[in-house]
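Below: the structure, in structure tokens.
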Amino acid sequence: MSAEIINGKLIAQEVRSALKTRAESLIERGMRPGLAVIIVGDDPASNIYVNYKVKACRKVCIHSEVHRFPSSVGQDEVLACIQDLNENPQIHGILVQLPLPAHFDSNKVTTSIAIEKDVDSFHLYNVGALVSGNAALLPCTPYGILVMLDKHGIQIEGQQAVIVGRSNIVGKPMSLMLLEKGATVTICTSKTKDLAAHTRNADILVVATGRPGLITADMVKAGATIIDVGINRLPNGKLAGDVDFESVKEKAGYITPVPGGVGPMTITMLLSNTIEATERTRAGS
Ligand code: NDP
């Protein structure tokens, strides 16, 4: 039997509609949520992502502003901009579009963002909070995946979860979040011997490698939940995930497509974190 498709686009619409209501309620009480995005250089992919974010903010009544710098800008100038935004009461979320040019120290930049405005949750304090199970704002991509699992009533506690990829933005936080929810977690990397032996054990398999078609049907357990984070542009111009969707969907229980799976949820959770950060400011004021 073919797997149930986890439609990220549909879930994102549902979540965004609820977020709009929360934003409107904040606006009525005189506090419009505000997100500031900092972009350095002219990387076309980064520009596309930033435009998506701005458009998405507009649709749920979040104020957004973009601070653009040429790639030749000095780090201190960007740090000064972040400092201004940290002190700006109209801004509740700040994100720096990564990657930054090579002469930047990304950790120093993300760690200069006020902890309570760190809507990407890359600040080292927030990373530590996640490790200790005390995170206030969760990293957007894994957070979106948890929401998708929840919407489909997929059990996490007691399940075997296998994460392929150990990046700071997807693999590592995803593993911590699933661990926190009671899964038994295995993390695989490019150095893992016999990847298939691990993936075949997974009740929940999250793949974030950037290697198109890495996971094939023989590598998954029948009935498993397959979350494909990968976004790869193929030579024919089409987008593909890290999972061979056509074959795996015949064996899995649930599967996310690419596009239309994890991607729309990532931006949605950024909106969610911005609203959450605004509500917290209000609660604390
Ligand atoms: P990174 O390049 O930072 O990390 C990739 C990880 O995959 C590394 O840990 C690497 O292992 C591992 N890996 C690579 N090849 C293999 C292999 N053959 N077997 C097992 N593990 C392997 O990637 P990101 O996490 O930033 O992104 C991964 C993918 O997800 C990309 O396609 C990206 O575009 C997409 N993405 C999608 C998002 C969304 O919203 N849908 C958000 C963020 C990313 P090692 O550490 O040993 O090198």
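Throughout, read-outs are computed from the coordinates displayed, never taken from laboratory work. Source: prediction; values computed, not measured. Glycine gets a Cβ as well: all are built from the backbone with ideal geometry, and neighbour counts include every protein chain shown.
Here are the numbers for this structure:
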item	result
Meets criteria (in a helix (DSSP H, G or I) and surrounded by fewer than 16 Cβ atoms within 10 Å (Cβ to Cβ)) for Ala12	no
Test: residue in segment 269-277 that is surrounded by 20 or more Cβ atoms within 10 Å (Cβ to Cβ), more than 16 Å from the ligand (Cβ to nearest atom) and among the hydrophobic types (A, V, I, L, M, F, W, C)	yes
Per-region count, segment 194-209, residues more than 9 Å from the ligand (Cβ to nearest atom), among the small types (Gly, Ala, Ser) and crowded, with 20+ Cβ neighbours inside 10 Å	1
Scan of segment 24-53 for residues that are under 22 Å from Ser112 (Cβ atoms) and outside any strand (DSSP E or B), ordered by number	Pro33, Gly41, Asp43, Ser46, Tyr49, Val50, Lys53
Subset tally (residues that are surrounded by fewer than 17 Cβ atoms within 10 Å (Cβ to Cβ) and within 11 Å of the ligand (Cβ to nearest atom)) for segment 155-193	7
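Here is a yes/no grid of residues against (1) in contact (Cβ under 8 Å) with a residue 40 or more places away in the chain; (2) touching a helix residue (DSSP H, G or I) at 6+ places or on another chain (Cβ under 8 Å):
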{"position": "Met219", "(1), (2)": "no, yes"}
{"position": "Ala222", "(1), (2)": "no, no"}
{"position": "Asp228", "(1), (2)": "no, yes"}
{"position": "Asp242", "(1), (2)": "yes, no"}
{"position": "Val248", "(1), (2)": "yes, yes"}
{"position": "Tyr254", "(1), (2)": "yes, no"}
{"position": "Pro257", "(1), (2)": "yes, yes"}
{"position": "Gly261", "(1), (2)": "yes, yes"}
